[in-house]
Amino acid sequence: QVQLVESGGGLVQPGGSLRLSCSASGLTFSRYDMGWFRQAPGKEREFVGYITWMGGYKDYGDSVKGRFTISRDNAENAVYLHMNSLKPEDTAAYYCAASRRSSRNREDYQYWGQGTQVTVSS
């Protein structure tokens, strides 16, 4: 059974930083592009970023570009999202996902984690 498990969410003050982790099992991790999405209540799931299967290319949504950094460690079957200069607008449930191709579209991701909540508030 494929399993993606996010961790690292929590409450952080505006301007603060947080690192999210996603641990994968049950799939050949290095053969998948990995993406991060987020979803706030009443909103559609929003693209945050993705990283290609060897880590050679990264892409980010405009709202997080320059503040968030995605990375992966294929030896540990893990993908990370480093979040800096956090804003209240970043408050959402964050999900990692796996795709066979590079994409910004949630429909292209075959496997999803359960999400981890990030709340940015003073």
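The values are calculated or read from the model by the stated rules, or taken from the named source; none is laboratory data. From a predicted model like this one, the values you see are computed outputs, not experimental measurements. FYI the Cβ positions are ideal-geometry reconstructions off the backbone, even for glycines, and counts take in every protein chain you see. Calculation scope for accessible area: heavy atoms of the full protein, side chains included, ligands and nucleic acids excluded. Shrake-Rupley method; radii C 1.70, N 1.55, O 1.52, S 1.80 Å.
Using the Karplus curve 6.51 cos²θ - 1.76 cosθ + 1.60 with θ = phi - 60°, what ³J(HN,Hα) values do you get for each residue of region 109-120, in whole Hz, with x for Gly and Pro?
After applying 6.51 cos²θ - 1.76 cosθ + 1.60, I find 9, 7, 10, 9, x, 7, x, 9, 7, 10, 10, 10 Hz.
So how much slack lies between ARG100 and ALA40, counting 0.36 nm per residue of separation and subtracting their Cα-Cα distance, in nm?
19.0 nm
Roll a 1.4 Å probe over the protein heavy atoms and report the accessible area of ASP73 in Å², nearest 10.
Counting only protein heavy atoms, the figure is 50 Å².
Once you keep just the Cα pairs under 8 angstrom separated by 6 or more residues, what percentage relative contact order results for region 49-89?
30 percent
Using the Karplus curve 6.51 cos²θ - 1.76 cosθ + 1.60 with θ = phi - 60°, work out ³J(HN,Hα) for each residue of region 90-98 in order, rounded to whole Hz, and write x for Gly and Pro.
Those phi angles translate into 7, 4, 4, 7, 9, 10, 9, 8, 10 Hz.
If amide hydrogens are placed 1.01 Å from N in the peptide plane, which non-local residues have theirs closer than 5 Å to the one on ASN77?
Amide H to amide H, under 5 Å and 5 or more residues apart or across chains, ASN77 pairs with nothing.
Would you work out the charge dipole size for region 11-105 about its Cα centre, treating the Cβ of every Lys and Arg as +1 and the Cβ of every Asp and Glu as -1, and quote it to the nearest 20 debye?
So the dipole magnitude of region 11-105 works out to roughly 140 debye.
Ordered by residue, what ³J(HN,Hα) values in Hz, to whole numbers, does region 60-71 give under the Karplus form 6.51 cos²θ - 1.76 cosθ + 1.60, where θ = phi - 60° and Gly and Pro are x?
After applying 6.51 cos²θ - 1.76 cosθ + 1.60, I find 9, x, 4, 6, 10, 4, x, 10, 10, 9, 9, 8 Hz.
Out of TYR111, TYR32, TYR57, any idea which swings most in a Gaussian network model of the chain, alpha carbons joined below 10 Å?
In the Gaussian network model the winner is TYR57.
Just to be sure I understand the model, the point goes 7 Å from the Cα along the line to the Cβ. What's the resulting GLN3 to TYR111 distance in nm?
For the pair GLN3/TYR111, the computed spacing is 1.2 nm.
Take every Cα pair under 8 Å in the chain that's 6+ residues apart, average their separations, divide by the length, and report that relative contact order as a whole percent.
About 36 percent, as a whole number.
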